[in-house]
Amino acid sequence: MSSNDWLQLLPIAVLLGFMYLLFIRPARKRAQATASLQQALSVGDEVMLTSGIFGHVTGVADDRVNVEVAPGVVLTTHRGAVAQIIHDEPADAGAASADPAGTEPTQGDDDPPDQGTSRGTV
């Protein structure tokens, strides 16, 4: 192969390098972080499952996790169904950010304005 042939392959190699940096590497990091999170589960952790269900871990076995979602209601799920561990925020942080700008709706704000249209009349 001549040097001109190698130069024709250079754009393809650069494109593959960008694809690796933009897609494959971050996906591997996310998968690694998720796997380490799922291995770090312990009894008492508050978790959110991939289905959006919240609960507390009551038991951990090989690849299964028991999650109590309500008093007396325990779900047995695969360890891979745990999306994240919920860390409690301090009580002061939640109260301060409840409505800092005073933008809560007042009575009557949910009524739509009169547009003056004659829609629906015959």
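Quick note: the coordinates plus some simple rules give every number you see, no bench work behind them. Worth saying up front: this structure is predicted, and the values here are computed from it rather than measured. Counting neighbours? That spans all protein chains shown, and the Cβs are built from the backbone with ideal geometry, glycine included.
Arrange 63, 88, 45 by Cβ neighbour counts within 10 Å, fewest through most, would you?
Starting with the residue having the fewest Cβ neighbours, the order is 88, 63, 45.
Sequence-distant or interchain residues sharing an amide H contact under 5 Å with residue 60, placed H: which?
Amide H neighbours of residue 60, under 5 Å, 5+ apart: 66.
If you place +1 on the Cβ of every Lys and Arg and -1 on the Cβ of every Asp and Glu, how big does the dipole about the Cα centre of the range 1-87 come out, in debye to the nearest 20?
Approximately 220 debye in magnitude.
What is the set of long-range amide H partners of residue 45 at a cut-off below 5 Å, with H atoms built 1.01 Å from backbone N?
57
Looking at 53, 14, 31, which one has the Cα that reaches farthest to the positive end of the dipole of the range 3-88 (charges on Cβ: Lys, Arg +1; Asp, Glu -1)?
14
Amide H neighbours of residue 75 under 5 Å, at least 5 residues apart or on other chains, H built in the peptide plane: list them.
Those lying under 5 Å, H to H, from residue 75 are 67, 68, 69.
What percentages make up the Cα-Cα pair-distance distribution of the range 3-88 when the bins are 5 Å wide from 0?
Per 5 Å bin, starting at 0, the Cα pair percentages come out as 3, 13, 20, 15, 9, 7, 6, 6, 5, 5, 4, 3, 2, 1, 0.
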